[in-house]
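What follows is one structure encoded as structure tokens, with my remarks underneath.
Just so it is clear, none of the values below were taken in a lab; they were calculated from the coordinates. Predicted, not measured: the structure shown is a model, and the values here were computed from it. Quick reminder, even Gly has a Cβ in these numbers, built from the backbone with ideal geometry, and neighbours come from all protein chains shown.
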Amino acid sequence: MNGHWRKPLLTATLIVFSALVLWPIAGATAASLAAATAFGLLLVHHLHNLSEFHQWLLAPKLENLPNGSGKWEQLFSYLARMMRRQGQIEAQLQEALTRFQKAGAALPEAVVILDNDNRIDWCNPKAEAYFGLDLDRDRGQQVTSLMRQPQFVEYLRQTDFSLPLNLRVSPAGIGDATLSIQMVPYGDRETLLLGRDITRWERLEITRRDFVANVSHELRTPLTVLNGFLETLSDMERPDPEMTARSLLLMSQQCVRMNRLVEDLLTLSRLESSVAPLREETVNVPELVQHLYQDALSLSNGKHEIHLKLADRACVRANADEVRSAFGNLVSNAIRYTPEGGRIELQWTLRGDEGMFSVTDTGIGIEMHHIDRLTERFYRVDRSRSRETGGTGLGLAIVKHVLSRHQAHLEIVSEPGEGSIFSAVFPADRMEAAPVAARPSQAVAVS
Ligand code: ADP
């Protein structure tokens, strides 16, 4: 028999048995009255507990649970145990939910959970930022009534989500961005909408495509020239020696041009892909600039007035080859973009605690709106002048890379028709005192 029935039945049996015992002693009326009173008291006891239970059910809190008496006490303590266990499970669920929400908030991707009718169930802060959503306000709203771009609406309508959708968005405070949208169906026709910011990747892809197009374009011209000469020469039955010599000279010039381009490309690629730490040494900049001055004299071949001003003997902690290549590019540009008779000055000086190598020329100068773009690969103000003078369009890109690897930067001041000043500025913590033996009493100026 069920344990719960045993005790009430025992009590009832006891009452009936007591009444039966009382019957011969006190008579039938007294026995019945005693039994009725006992059953009445039992009923009152149950009704009292039931009423307390009912009262408690109106505001069921663990701390208000009545103590109960008799069988009810057992029942209420069982209920209290159940509520405590329930409370623990709820706390664990709440903790898991909080952890999930924290993980969702920390995700670098925008995440939106959609129900089987594409209504927003939940989203993380990244999704709020990128899609302009507000979880408190938009929960339960159709996602397409908030994200209305036609491509997105169309994408959501189809059922095959194997390919992601690239979606342009303009979230306030973030600016234009491109998101790769991916729908992941799960559970009971619910869907996870994921948005990954691919703006940087897209920009890199455009840069890479432009770069390949630029390199191909740069190589096409010399290759066309070479091809043309080779065809002409091979078509000639009796080659004219003078023309052959001239063709060979022009062909060799094109080869030099291609060689220069390949060398600059390799230098750039080395600078960009170099993960190894910079090989640094104490670079005696005054000595290095002195050599560059000699190179400039032979490069100019007497066409310019070239000056050297070493206002300080300070050295720089740097990679000598890279610094030589960067400074050399600035000097060669000054010569190439300064017409005959112009003046060029190479200067090494201290500006406060910073070291500054500047090349000042009285050349063609550059209009203001070009200046920010000069260090872009293949950016040229005057394409034909750059090519005529053997430029690859990569010189200043190399300079910028070298300087940024040394936490240094390039400053450009220029005036069209007046000239330019290109300065490589090194931070104070890269500066080193001149070796004692090399310290002259005065600055050096050579003309
Ligand atoms: P390039 O090989 O074409 O000279 P660079 O990257 O060295 O390429 O320079 C980019 C562009 O900057 C040049 O094409 C030129 O238009 C401009 N430029 C660089 N240096 C000077 C200068 N000293 N004077 C005038 N223009 C310059």
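Using only helices, what value at 222 nm comes out for the chain when you add -39,500 (n - 2.57) per DSSP H run of length 4 or more and divide by the total residues, to the nearest 500 deg cm²/dmol? So the calculated ellipticity at 222 nm is -18000 deg cm²/dmol. Charged neighbours of Lys400, selected by a Cβ distance under 14 Å, balance to -3 (K, R count +1; D, E count -1). With kT/(6 pi eta Rh) evaluated at 25 °C and eta = 0.890 mPa s, and Rh the Kirkwood radius from Cα pairs, the chain diffuses with a coefficient of 78 µm²/s according to Stokes-Einstein. Packing order of peptides 96-104, 398-406, highest average first: 398-406, 96-104 (average count of other Cβ atoms within 10 Å over each peptide's residues). Highest average first, the peptides 367-374, 303-310, 157-164 ordered by how many other beta carbon atoms sit within 10 Å of their residues are 303-310, 367-374, 157-164. Net charge of the neighbourhood of Ser300, taken over other residues with C-beta under 14 Å away and scored Lys/Arg +1, Asp/Glu -1, is -2. The alpha-carbon of Lys102 sits under 25 angstrom from the alpha-carbons of these lysines, leaving out residues fewer than 8 places away in its chain: Lys126.
The fewest-to-most ranking of Cys123, Cys255 by surrounding Cβ atoms within 10 Å reads Cys255, Cys123.
For segment 237-360, the Kirkwood estimate of the hydrodynamic radius, built from every pair of different alpha carbons, is 17.1 Å. Take each peptide in 288-295, 240-247, 138-145, count the other Cβ atoms within 10 Å of every residue, and average; sorted highest first, the result is 288-295, 138-145, 240-247. Using a 7 Å offset from the Cα along the Cα-to-Cβ direction at both Val212 and Asp117, what is the distance between the two label points in nm, to one decimal? That separation, rounded to one decimal, is 4.8 nm.
Converting phi to 3J(HN,Hα) with the Karplus coefficients 6.51, -1.76 and 1.60 and the offset θ = phi - 60°, segment 29-35 yields 5, 4, 5, 5, 5, 5, 5 Hz in sequence order, with x at every glycine or proline.
Annotation for Leu248 and Arg81: the two label points, set 7 Å from Cα along the Cα-Cβ direction, are 10.8 nm apart. The lysines within cross-link reach of Lys309, meaning a Cα-to-Cα straight distance under 25 Å and a gap of 8 or more places when in the same chain, are Lys400.
Helix 71-106 axis versus longest C-alpha principal axis of the chain: approximately 10°, rounded to the nearest ten.
Dipole orientation for the chain: of the candidates Ile206, Val21, Tyr379, Val21 has the Cα lying most toward the positive pole (charges on Cβ; Lys, Arg +1; Asp, Glu -1). For the pair Arg139 and Ala106, a Förster radius of 22 Å applied to the C-beta separation gives a FRET efficiency near 0.60, rounded to the nearest 0.05. Rounded, prolate or oblate: which fits segment 204-273, taking a ≥ b ≥ c as square roots of the Cα gyration tensor eigenvalues, rounded meaning a/c under 1.5, else prolate when a/b beats b/c? Prolate shape, in that a/c is at least 1.5 and a/b is the bigger ratio. Which lysines does Lys71 reach when only Cα atoms under 19 Å apart count, and residues fewer than 8 places away in its own chain are ignored? Qualifying lysines at Cα under 19 Å: Lys7. Short-range pairs are left out: with C-alpha atoms under 8 Å and at least six residues apart, the relative contact order of segment 1-135 is 10 percent. Between Arg203 and Leu57, what's the calculated FRET efficiency when r is the beta-carbon distance and R0 is 60 Å? Round to 0.05. E(calc), rounded to 0.05, equals 0.40. This model, with +1 at the C-beta of Lys and Arg and -1 at the C-beta of Asp and Glu, gives the chain a dipole about its Cα centre of some 1700 debye. As a rough footprinting exposure proxy, the listed residues Val44, Val169, Val153 were ranked by other beta carbons within 10 Å of their own, and the order from fewest upward is Val44, Val153, Val169. Full extension of the chain segment joining Ser69 with Ser180 gains 33.4 nm, where the gain is 0.36 nm per residue of separation less the Cα-Cα distance.
For segment 68-158, the set of GluC sites (Glu not before Pro) satisfying both a DSSP loop assignment and a count of at most 14 other C-beta atoms within 10 Å is empty. The length gained on full extension between Leu192 and His46, counted as 0.36 nm times the residue separation minus their Cα-Cα distance, comes to 47.1 nm. Give me the percent of Cα-Cα pairs in segment 294-412 that sit more than 17 Å apart, rounded to a whole number. The share of Cα pairs beyond 17 Å in segment 294-412 comes to 58 percent.
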